Amino acid sequence: MSDLLFTPITIGTLNIKNRIYMPAMHLNMCRNYQVSEQLLAFYVERARGGAGMITVGYASVDELAANPMHIGAHDDKFLPGLTRLASAIKDNGARAAVQLNHAGRYNHSMLLGGKQPVGPSPIPSRLTGETPHELSLAEIEAIIVNFAAAATRVKQAGFDAVEILCGTGYLISAFLSPVTNQRTDAYGGTAEKRMRFGFEVLRAVRAAVGAEFPIIVRVNGNDFMPHGIGREMMCEFSRRLEPLGADAFCVNVGWHESRVPQIQTKVPRGIYAYLARGIREVVNVPVIASHRINDPEIAREMLLDGSCDMVAMGRALIADPYLPEKAYGGREREIVHCVACAQGCFDHLFEMRAVECLCNPRAGHEYQENAELAETVRQVLVIGGGPAGMSAALSACERGHLVTLVEQLDQLGGQLFLAGAPPGRDEFIQLAKDLAYQVQSAQIELLLETHADLPLIKRLQPDVVILATGGAVVVPPIPGADLPHVVQAWDVLSGKAEVGQHVVIIGGGAVGVETALELAEQGTLSGDELKFLLVHGAAELDELRTLATRGSRRIVLLEMLDKLGTNFGKTTRWVMLDDLKRYGVEAMTGAKALQISSDSVRVELAGEEISLAADTVVLAAGTRSCNPLQEEVEAIGIVCHVIGDAQHPAMVFDAVHQGYAVGKKL
């Protein structure tokens, strides 16, 4: 039986070898709108990895449409770079397209040299905090002309297709939505008039590129904005776009201002396929589904059940560029899955940094890669099988060194299993398995259930020791912290500790928040239970929502700082904090635990002392480095490197990248 994921498909006049579509993603890899060597190398790797089609961008249509770290398409001077990019992708086996967009009110004056962003109406943006300039009719006409001119450059540069972004809260969707379009002229008021700008952009682009050049339109299946553009209107908008020249639709979800999670780890794989299916039912051209598709099997299911004709894999191909090739060759076990942490992709954008990846430390550094083997082969001993240790062992092995990895437990993964314990975080457990499989498949000697000490090191006689011995929990100096009903958050997350009904968690960092949510979810309806009750009309929606978010425990989360979860990434933090409220966790910031007794915790809050009932107290006071071997190793003259939490407690991203860097330098 043929694999539908790898059957060809046609978009307009364009034949594509498989159904895997890499969507446009902002990468912060351009300077002054110019295509860089970094960007070229990044996309060459994805083209070699087997994707059927790659869309780059978004690219600018004028100087207010983007910022200088985006790809430029608004001037002929950018044609040489665009031409090189098209050739780089096509020469390595993939079809190539460019997404054109105007950011509108989502742009920032700081990135525009002080110029004011524009929009259909002067409605402030929650994303930037700025109010856009209301476009005049003449300015609207100029932007439409600019879209067409940019599309002409895309075609001239040798790309196979162009994509127009009509969603995500950018300019075209801002015209479409009554939330951001309060005009009373020909471009606002009725739904028909709000659609007009998008219609005119597509007409102009079609006229500019001709009848045979494929045009893809990227739309929201739902913007998830209160009083915004729901499914019904987006289906109608898409249906109306098809006869104007749309050869395919790529369906994404949500605006940047939406409070519905779209890309985070807790979003179930492939959940937004239903939005693509809704549009597919009203159009007669291929539909591409997007969001949280990080595994070939879920992609196949979506194709087979008729949800879509292609699948967009964006961050999945950042994490593993060779996912398509591995799936096609029956090597799916080798795939490294995106965990949807957003630490290296979306969070980096907010920091004006180029995109990287927690799962793939090569991402964004392809142009710097040195595939040469080390001149001198060394015996390398890695102690610790967490993410830092596994990453170091793999990169050292790739350099040709003889690597031994020692882990005291019976499995590899370390704290990834703790990170994956809370609800909706199980992708981290998948990463532990993915990295462990890589280690087991490589020429690495693996010693599990082995205690690393000086006699072992002397017996193995390594030239280099890499210490990735991780961290240990911090026990805060609070009177009563040694009482029997006081447990560590790590023990709660690993299922080793019993927890009562009145719980106080001391420490509101990432681990404390995750532990609170893990405990709060216990006793709530599962997905299967919720579906059964909903389908059979056993309860009203409000009651079901309560049963899905309210367990039996009372949970209080204490944090001394004035903010919770400060060591989460920006993209993840807001979701976790919203969930604390949604699941009824009582969070107290600026709260200091003074004493723990047998049935309560005494707390200083806003200058006053209060007492909180507690039959279980959970300590989530942080992590300290655990590095007992460094001095001993250095004393016997062996080169020693310390990485991960053993060096300094940090995030998984840092552990993976430190391990990779150390191994590559040997």
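The values are calculated or read from the model by the stated rules, or taken from the named source; none is laboratory data. Because the structure is a prediction, the values reported are computed rather than measured. Cβ coordinates were reconstructed from backbone atoms using ideal geometry, including for glycine residues, and neighbour counts include every protein chain displayed.
Details
- Segments classed as helices (runs of 4 or more DSSP H), wholly inside the stretch 271-328, with at least 1 members that are touching a strand residue (DSSP E or B) at 6+ places or on another chain (Cβ under 7 Å), closer than 24 Å to N92 by Cα and assigned by TED's automatic domain parsing to the domain that holds N222: 296-304, 315-319, 323-328
- Reported count of residues in the stretch 258-276, each being out of contact with any Cys (no Cβ under 7 Å at 6 or more places or on another chain) and buried (at least 17 other Cβ atoms within 10 Å of the Cβ), is 11.
- Selected residue (criterion: nearest to the chain's Cα centre (by Cα)) from residues of the stretch 448-498 that are among the β-branched types (V, I, T) and in a strand (DSSP E or B): V473
- Contacts under 6 angstrom Cβ, first residue in the stretch 287-299 being closer than 14 Å to C250 by Cα, partner assigned to a helix (DSSP H, G or I), 6 or more apart: V287/A276; V287/I279; V287/R280; A289/A273; A289/A276; A289/M302; I293/A299
- So G590, is it in contact with a Cys (Cβ under 8 Å, 6 or more places away or on another chain) and farther than 20 Å from V499 by Cα: no
- A538 falls short of the stated requirement of being touching a residue at least 24 places away in the same chain (Cβ under 8 Å), among the aliphatic types (A, V, I, L, M) and assigned by TED's automatic domain parsing to the domain that holds S597.
- The stretch 550-580, subset among the β-branched types (V, I, T) and modelled with pLDDT under 95, residue surrounded by the fewest Cβ atoms within 10 Å (Cβ to Cβ): T566
- Residues in the stretch 21-46 that are among the small types (G, A, S) and either crowded, with 22+ Cβ neighbours inside 10 Å or in a strand (DSSP E or B) (or both): 1 in all.
- Residues that are polar (S, T, N, Q) and either free of Cβ contacts under 8 Å to residues at least 24 places away in the same chain or over 13 Å from H337 (Cβ atoms) (or both), drawn from the stretch 422-462: Q440, S441, Q443, T450, Q461
- When T152, T131 are screened for being assigned to a loop (DSSP other than H, G, I, E, B) and polar (S, T, N, Q), only T131 passes.
- Flag if L349 is within 30 Å of Q461 (Cβ to Cβ) and surrounded by fewer than 23 Cβ atoms within 10 Å (Cβ to Cβ): no
- On the stretch given as the stretch 186-205, residues that are surrounded by 20 or more Cβ atoms within 10 Å (Cβ to Cβ) and of a type in the set (K, R) total 1.
- Test for A606: is it touching a strand residue (DSSP E or B) at 6+ places or on another chain (Cβ under 7 Å), under 18 Å from I506 (Cα atoms) and either modelled with pLDDT under 95 or hydrophobic (A, V, I, L, M, F, W, C) (or both): no
- For S598, the criteria (1) surrounded by fewer than 13 Cβ atoms within 10 Å (Cβ to Cβ); (2) over 29 Å from the mean Cα position of the chain (by Cα); (3) of a type outside the set (D, E); (4) in a helix (DSSP H, G or I) hold in every case but one, which is (4).
- When residues in the stretch 392-408 are screened for being assigned to a helix (DSSP H, G or I) and either of a type outside the set (D, E, K, R) or not assigned by TED's automatic domain parsing to the domain that holds Q443 (or both), 6 of them pass.
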